[in-house]
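Peer 1: First the structure, then my questions, so here it is.
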Amino acid sequence: MNSTPEAAEAPEPAPKPKKKVSAQRRIVSWIFIGILLAIVLYEWRAKSSQANTVNSMEAAMAEAGEVAEFPFTEFQEFKQGTPSEEIDESGAILRQHHYRWNGIFKTYDLRVLVDEHEMVVSFDTLKEGDTVGGIRRILKKNLQALKDKQMKLMEQSSGGAKPADAEKK
């Protein structure tokens with residue numbers, strides 16, 4: 001194993017010099033990272049505000065026990081973030097509040113039913129539907145038709161005798 005002195009003294013290849021990144025490229029990269037961070041933060045804020053509000057509502061419903069209702073003012077206190085609110089007062093008894101937390105990519109919804117005594121009776125996180133938390137609202141425009149139908153059923157079951165309340169109308 002004789003090695004030649006020339007092999008031991010051979011210089012190693014010189015490392016390639018690193019290319020320097022221009023200042024403009026670094027600035028653009030950091031601006032892009034900042035924009036991405038802002039988008040993620042905005043979306044996280046919308047999602048977490050809605051989720052924390054729903055968790056607080058579930059806790060309030062559980063605390064209410066069998067009644068499963070709590071004051072609407074209490075809901076206003078633990079509602080988080082700044083959702084947009086749409087109120088639908090077309091219900092005969094129940095008023096629907098629809099809250100939306102807008103993110104960049106998704107909208108987070110919360111629908112709340114409030115009765116005439118300003119108590120929250122039900123809620124869900126659906127965008128739309130006929131029921132809220134399994135409760136179907138009777139609309140004001142359908143209330144008279146429902147009353148008329150019930151009156152006919154009562155007349156048929158009692159053999160044609162009208163109830164005292166129906167005679168007064």
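The values are calculated or read from the model by the stated rules, or taken from the named source; none is laboratory data. These numbers were taken from a predicted model, which means no experiment stands behind them. Neighbour counts are summed over all protein chains in view; Cβ atoms, including those assigned to glycine, are modelled from backbone coordinates with ideal geometry. Areas reflect the complete protein model, heavy atoms only, side chains present, ligands, DNA and RNA absent. Shrake-Rupley method; radii C 1.70, N 1.55, O 1.52, S 1.80 Å.
Peer 1: Output the residues belonging to the stretch 66-95 that are in contact with a helix residue (DSSP H, G or I) (Cβ under 6 Å, 6 or more places away or on another chain) and aliphatic (A, V, I, L, M).
Peer 2: Those that are in contact with a helix residue (DSSP H, G or I) (Cβ under 6 Å, 6 or more places away or on another chain) and aliphatic (A, V, I, L, M): A68, A92.
Peer 1: Yes or no: S84 modelled with pLDDT under 90 and of a type outside the set (D, E)? I'd like the intermediate steps shown before the answer.
Peer 2: On the way: modelled with pLDDT under 90: no; of a type outside the set (D, E): yes.
Here the answer is no, as S84 does not meet what is asked.
Peer 1: Related question: Of all residues in the stretch 146-159, how many are of a type in the set (D, E) and either open to solvent by less than 70 Å² (accessible area, probe 1.4 Å) or in a loop (DSSP other than H, G, I, E, B) (or both)?
Peer 2: Filtering the stretch 146-159 for residues of a type in the set (D, E) gives 148, 155.
Now narrow it down to the ones that are either open to solvent by less than 70 Å² (accessible area, probe 1.4 Å) or in a loop (DSSP other than H, G, I, E, B) (or both): 155.
Of the residues in that region, 1 qualify.
Peer 1: Next question, about the same structure. Restricting to the stretch 116-145, give me the number of residues that are under 29 Å from K47 (Cβ atoms), part of a loop (DSSP other than H, G, I, E, B) and more than 13 Å from the chain's Cα centre (by Cα).
Peer 2: Selection size over the stretch 116-145: 6.
Peer 1: Moving on. In the stretch 133-145, is there at least one residue being touching an Asp or Glu at 6+ places or on another chain (Cβ under 7 Å), closer than 18 Å to F72 by Cα and open to solvent by less than 30 Å² (accessible area, probe 1.4 Å)?
Peer 2: Within the stretch 133-145, the first condition is being touching an Asp or Glu at 6+ places or on another chain (Cβ under 7 Å), and the residues that meet it are 133, 136.
Filter once more, keeping what is closer than 18 Å to F72 by Cα: 133.
Those still in the list that are open to solvent by less than 30 Å² (accessible area, probe 1.4 Å) too: none.
Among the residues of the stretch 133-145, not one is touching an Asp or Glu at 6+ places or on another chain (Cβ under 7 Å), closer than 18 Å to F72 by Cα and open to solvent by less than 30 Å² (accessible area, probe 1.4 Å), which makes the answer no.
Peer 1: Would it be correct to say that F78 is of a type in the set (F, W, Y) and open to solvent by less than 100 Å² (accessible area, probe 1.4 Å)?
Peer 2: Values: of a type in the set (F, W, Y): yes; open to solvent by less than 100 Å² (accessible area, probe 1.4 Å): yes.
Taking the combined requirement at face value, the residue satisfies it.
Peer 1: Where residues in the stretch 97-114 are touching a Phe, Trp or Tyr at 6+ places or on another chain (Cβ under 9 Å) and part of a loop (DSSP other than H, G, I, E, B), which of them is farthest from F72 (Cα to Cα)?
Peer 2: That would be I104.
Peer 1: Which fully enclosed helices (runs of 4 or more DSSP H) of the stretch 5-88 have 1 or more residues being under 17 Å from the mean Cα position of the chain (by Cα)? Step through it out loud before you land on a result.
Peer 2: On the way: elements: 5-8, 23-64, 72-78.
Counting at least 1 such residues, we get 23-64, 72-78.
Peer 1: Give D148, D130 a once-over and let me know the one that is at pLDDT below 85 and either among the hydrophobic types (A, V, I, L, M, F, W, C) or closer than 30 Å to E74 by Cβ (or both).
Peer 2: Working: D148 fails: either among the hydrophobic types (A, V, I, L, M, F, W, C) or closer than 30 Å to E74 by Cβ (or both).
Going through D148, D130 in turn, the sole match is D130.
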